[in-house]
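First the structure, in the form of structure tokens, and then the observations on it.
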Amino acid sequence: MDTKFHSSHESLTEVIYNTPGMLPSRYVFVITNLCNLKCGFCFQDRKPKKNAINAEGWISLTKELPEYARVTLTGGEPLVFPGFDKVFSYISNKFDSNIITNGILLTEKKIDYLLSFPKFKVLSISIDDIGNTTRDLREEQWNHLKEMMKYFVKKRNEIKSEALLDVKTMILDENAEKLFETYKFLVGKIGVDTHAFQFLKGSPIQHADSMFNFEEISKRSHAYVYKKFEEIEKQLEEVRKYNIKNKRASFVHPEIVSLVSEQPLPNIGYINNEEHDKTIYKPCKFPWSSIHVNSDGEVFPCLAISMGNVKKSSLDEIISGEKFKNFRETIKKQGTVEACNRCGWLRPI
């Protein structure tokens, strides 16, 4: 299970938070904001960037990372990036790496290539229900995706790779009654190793591919209020019981509850509030340990506020710069801000 990395990232976050000048450990490279799907709930702008970083640019940036870095390649859809293999190979020869993808462009040849790198740790695929109907997949695309996931597990086991197959499911009213059915299918029939259920974020500033002004992190945001929340709670409880019975592991983001607890799920209705209540969450420390680099070179911690551009400054200069210091001081002083509304990094007190 990927709990080892999860717990180590949490621990390393504490170290970085308390060590002035230490660089982050988690780097999310948004190598393209283009995608081959148009999901209705997607928060990305998806407009082509005239000044997007090319493969050589991503490789050059990778040379600036600390030796303890872990890199996630995402988008958009990372597999549409024309220099993907070149960037992936350079990164995965040096650092532990993950990929977040919709999986449609996977092939057996591509999977063989990914698994040939021992430092490749997790392939995360976005699936919301059986058939991925919320993402408008055609039947032949879904059938292909199923075969590719099965092939990944088979090949991984054959070569004794440590790489995990992970699924990320966006919780929607449209799939509320299908969460457990989908989970049981992916774990039981496909062989998925880990599974994360993600609530819709409460602010468009979180992890966006277009930058916002700093002042907007303090403006009140309005999270989507689920109409079928009671059903969602029932489905997650079924997932928990299945995990206990079958010794499986899955997660909820934000981590408001454990899906591997022996105890029935407590009431989690507060996550379905429209507004952010900072009094019920721990102060966030992840802007110290995790950063994003957008396809055009803009660096941001989590909220899409530009801290600088890697085309103009080194990563170290940006992270130690006044903008980043100001952002971190704001978070340290306030704990969380309005734009943190239902962020996946929130931790309840």
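Within region 215-230, track down each residue that is over 26 Å from T32 (Cβ atoms) and surrounded by 15 or more Cβ atoms within 10 Å (Cβ to Cβ). Walk me through it before giving the result.
Here is the first cut: in region 215-230, the ones over 26 Å from T32 (Cβ atoms) are 215, 218-230.
Answer for region 215-230, where residues must be over 26 Å from T32 (Cβ atoms) and surrounded by 15 or more Cβ atoms within 10 Å (Cβ to Cβ): S221, A223, Y224, Y226, K228, F229.
Contact list please: Cβ distance under 6 Å, first residue in region 268-282 and touching a residue at least 60 places away in the same chain (Cβ under 8 Å), second residue in a helix (DSSP H, G or I) and crowded, with 16+ Cβ neighbours inside 10 Å, pairs at least six apart or on different chains.
Between residues of region 268-282 that are touching a residue at least 60 places away in the same chain (Cβ under 8 Å) and residues that are in a helix (DSSP H, G or I) and crowded, with 16+ Cβ neighbours inside 10 Å, the close pairs are H276/E338.
Restricting to region 200-214, what's the tally of residues that are open to solvent by less than 10 Å² (accessible area, probe 1.4 Å) and either not in a loop (DSSP other than H, G, I, E, B) or not aliphatic (A, V, I, L, M) (or both)? If you could, list the steps in order and put the result at the bottom.
Within region 200-214, the first condition is being open to solvent by less than 10 Å² (accessible area, probe 1.4 Å), and the residues that meet it are 202-203, 205-206, 208-209.
Those left that are additionally either not in a loop (DSSP other than H, G, I, E, B) or not aliphatic (A, V, I, L, M) (or both): 202-203, 206, 209.
The total comes to 4.
Applying the selection to region 296-333, what residues are basic (K, R) and within 25 Å of K278 (Cβ to Cβ)? It would help to see each step written out before you state the result.
Filtering region 296-333 for residues basic (K, R) gives 311-312, 323, 325, 328, 332-333.
Those that are basic (K, R) and within 25 Å of K278 (Cβ to Cβ): K323, K325, R328, K332, K333.
Would you check which residues across region 169-189 are open to solvent by 10 Å² or more (accessible area, probe 1.4 Å) and over 26 Å from K219 (Cα atoms) and list them?
Selection gives D173, E174, E177, K178, F180, E181, K184, F185, V187, G188, K189.
For (1) assigned to a helix (DSSP H, G or I); (2) touching a Phe, Trp or Tyr at 6+ places or on another chain (Cβ under 8 Å), each residue gets a yes or a no:
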{"residue": "R248", "(1), (2)": "no, yes"}
{"residue": "L259", "(1), (2)": "no, yes"}
{"residue": "E262", "(1), (2)": "no, no"}
{"residue": "I271", "(1), (2)": "yes, yes"}
{"residue": "S306", "(1), (2)": "no, yes"}
{"residue": "K311", "(1), (2)": "no, no"}
{"residue": "D316", "(1), (2)": "yes, no"}
{"residue": "W345", "(1), (2)": "no, yes"}
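Under the condition of being in a strand (DSSP E or B) and of a type in the set (S, T, N, Q), which residue from region 98-117 is surrounded by the most Cβ atoms within 10 Å (Cβ to Cβ)? Steps first, answer last, please.
Taking region 98-117 as the starting set, the residues that turn out to be in a strand (DSSP E or B) are 98-101.
Applying the additional criterion that residues be of a type in the set (S, T, N, Q) yields 98, 101.
Working: N98: 22, T101: 19.
That would be N98.
I'm trying to understand the selection: among the residues of region 218-244, which are assigned to a helix (DSSP H, G or I) and farther than 30 Å from L259 by Cβ?
Residues of region 218-244 that are assigned to a helix (DSSP H, G or I), as a first pass: 218, 229-244.
Hit for region 218-244 is S218, nothing else.
From the residues in region 6-22 that are crowded, with 18+ Cβ neighbours inside 10 Å and within 25 Å of S124 (Cα to Cα), which one is modelled with the lowest pLDDT?
Within region 6-22, the match that is modelled with the lowest pLDDT is L12.
If a residue has to be open to solvent by less than 30 Å² (accessible area, probe 1.4 Å), more than 29 Å from S11 (Cβ to Cβ) and in contact with a Gly (Cβ under 9 Å, 6 or more places away or on another chain) to count, how many in region 265-301 make the cut? Let's see the steps before the verdict.
Of all residues in region 265-301, those open to solvent by less than 30 Å² (accessible area, probe 1.4 Å) come to 268-269, 271-272, 276, 281, 284, 286-297, 299-301.
Checking which are more than 29 Å from S11 (Cβ to Cβ) leaves us with 269, 272, 295-297.
Within this subset, residues satisfying the condition of being in contact with a Gly (Cβ under 9 Å, 6 or more places away or on another chain) are 295, 297.
Number satisfying all stated conditions: 2.
Collect the residues in region 321-349 that are over 21 Å from the mean Cα position of the chain (by Cα) and more than 13 Å from I291 (Cα to Cα), keeping them in residue-number order.
G321, E322, K323, K325, N326, E329, T330, K332, K333, Q334, G335, I349
Any idea which residue in region 161-209 is nearest to the chain's Cα centre (by Cα), counting only those that are polar (S, T, N, Q) and more than 18 Å from N102 (Cα to Cα)?
Checking each candidate, the answer is Q206.
What are the pairs with Cβ atoms under 9 angstrom where one residue, in region 323-349, is of a type in the set (G, A, S) and the other, located anywhere, is part of a helix (DSSP H, G or I) and open to solvent by less than 30 Å² (accessible area, probe 1.4 Å)? Sequence gap at least six, or different chains.
Pairs found: A339/I217.
Would you check which residues across region 67-83 are surrounded by fewer than 19 Cβ atoms within 10 Å (Cβ to Cβ), under 21 Å from the mean Cα position of the chain (by Cα) and either assigned to a loop (DSSP other than H, G, I, E, B) or small (G, A, S) (or both) and list them?
Correct list: Y68, A69.
The values are calculated or read from the model by the stated rules, or taken from the named source; none is laboratory data. In this text, all values refer to a predicted model and were calculated from it rather than measured experimentally. Using ideal geometry, Cβ is built from the backbone for each residue, glycine included, and neighbour counts are taken over all protein chains shown. SASA here: full protein model, heavy atoms, side chains in, ligands and nucleic acids out. Shrake-Rupley method; radii C 1.70, N 1.55, O 1.52, S 1.80 Å.
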